[in-house]
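Input: a single structure, listed below in structure tokens.
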Amino acid sequence: MTDINKQRFLAELAQLLTFMYEEDRQDALMVYSAMFDEAQDEQALLQALVSPIRQAVLVARAYNATERKLQAHSQSRSEAGAPRDESVAPDYLQAIFAIRAEALSKQAAKVEAVQEDKNQFSLFDLAAQEQAAGAEAPAESAEAPAEEAPAGSEAEAEVPAGSEAEDGEAPAEEARVDAFMADFAIAEEGAAPAEEAPAGEAPAQSSVEELLDAAEKEVDEQDERFVVVVDGSDKPVRERTVLKPRVPLLILYVLLAIPVTLVGIVLLLLPTLASLGAAAVLISVGVMAVSSVFGGFAVLADLLVVLGAALILLALGLLFLWLFIWFIGGAIVGLIRGVCALGRKWCYKEVPAI
Amino acid sequence: MKKAWGVILVIVFSAILLGAVCVGVGYITGADMNRILSVVEDSSLYAYVQTLQQYWNQAYAYAMQLLASL
């Protein structure tokens with residue numbers, strides 16, 4: 001199961017990092033893969049990393065495509081095989097190294113806590129030790145030692161015959177199932193992102209912004225809909241909330257808000273209509289002045305003066321027309337929305353959903 | 001809305017600047033206000049402005065009567 005989680009995490013991360021150059025993306029994924037290899041407890045590491053989206057956002061914030069393009073041109077191929085120096089690594093890799101250091105330190109603290117727990121005496125430990133002793137006995141009697149058997153998917157093919165004894169059969173079965181699951185996970189999920197990302201293709205900077213926007217929007221939506229409640233355990237429990245009206249307050253608010261809003265709308269309608277009238281007059285006079293320019297003026301200097309005056313009138317007419325649109329679409333609609341938002345804030349309260 | 005305000009203000013100020021330049025160049029190169037007015041008075045623009053002025057005076061008088069009645 002842990003292999004599937006690792007593969008799924010890396011596959012989702014690979015899909016999210018397609019805005020990067022292919023080489024950079026592969027480097028980032030290699031660092032994450034190494035992080036999983038170094039991890040003593042993979043589940044704890046997955047919890048520390050939170051989600052692929054979060055990691056993609058962190059990498060995207062530290063990634064500068066333009067700068068990386070220039071660095072990629074100047075970097076020689078011989079340096080690619082050299083061991084990586086974390087102090088001179090690009091910004092996005094330094095960000096990943098920082099994440100790795102933080103995650104591994106958290107995990108080390110957790111493992112120490114678990115070790116302390118294991119030091120306590122338990123009857124289950126005795127039973128487990130007896131079982132382990134029973135499994136080791138037939139393995140030692142076999143010709144080839146069990147340590148020579150390769151780990152991973154080929155484990156079951158080279159398991160010595162002596163290990164098929166009754167006590168050693170159960171661990172061998174588990175290893176076979178784990179190997180099968182690991183192979184299945186790589187074949188199904190690991191291949192997909194590699195095919196989707198074209199090699200060497202220049203990434204668009206807008207995709208980074210889109211990714212950041214989408215991730216931030218998702219986080220905002222989650223924050224709006226859920227309230228995090230910590231119940232003493234490690235994992236926070238997310239609780240859905242609903243808005244419940246305070247009916248007497250709501251009725252009082254509606255009774256007061258309607259006349260106040262109507263007065264505000266009427267007051268806003270006066271400058272709105274004045275703007276519309278001024279815009280109509282200025283634009284019509286300007287248009288007529290422009291049309292008269294090409295009719296009766298014989299001197300170029302006179303023509304320039306009238307044309308300049310017409311331009312000024314048309315510009316002012318455009319300004320008043322925009323003011324009319326702003327009063328209608330911005331001020332009046334904003335007033336109504338503001339009154340509604342205020343009512344929601346004052347007359348509703350958030351309660352946990354049943 | 002802020003972006004639209006920016007675009008509108010840029011257009012308006014550009015047109016006003018261009019109009020002011022036209023007026024200035026016209027006066028520098030020998031424009032005469034009396035000659036311009038004599039031409040405008042003969043055109044339909046003058047009649048249109050006269051009509052607008054008449055409507056404005058009527059509307060103003062009506063508004064004053066309304067305010068006085070309040």
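Bear in mind these aren't lab numbers, they're just calculated from the coordinates by the rules spelled out. This one's a predicted model, so the numbers in the text were calculated from it and none came from an experiment. Note that each Cβ is placed from the backbone with ideal geometry, even for glycine, and that neighbours are counted across all protein chains shown.
Here are a few things to note about the model shown:
- Look at A:R246, A:R68 and count the other Cβ atoms within 10 Å of each Cβ; fewest to most, that gives A:R246, A:R68.
- For the peptide A:280-289, the mean number of other protein chain Cβ atoms found within 10 angstrom of a residue's Cβ is 3.
- Neighbour counts of C-beta atoms inside 10 Å place A:W322, A:W346 in the sequence A:W346, A:W322, starting with the fewest.
- Residues A:K6, B:K2, A:K349, A:K244, ranked from the fewest to the most other C-beta atoms within 10 Å, line up as B:K2, A:K244, A:K349, A:K6.
- Amide H contacts under 5 Å for A:T241, placed H, 5+ residues apart: A:V227, A:A353
- Close amide H pairs (under 5 Å, H built 1.01 Å from N) link A:K349 with A:K244, A:R246, residues at least 5 positions away or on another chain.
- Convex hull of Cα atoms in chain B, direction-averaged projection (nm²): 8.5 nm²
- Karplus-derived HN-Hα couplings along segment A:348-353 (A = 6.51, B = -1.76, C = 1.60, θ = phi - 60°), whole Hz, x at Gly and Pro: 10, 10, 8, 10, x, 6
- Counting Cα-Cα pairs of segment A:294-354 in 5 Å increments starting at 0 gives whole-percent bin shares of 4, 14, 11, 10, 9, 8, 8, 7, 6, 5, 5, 4, 3, 3, 2, 1, 1.
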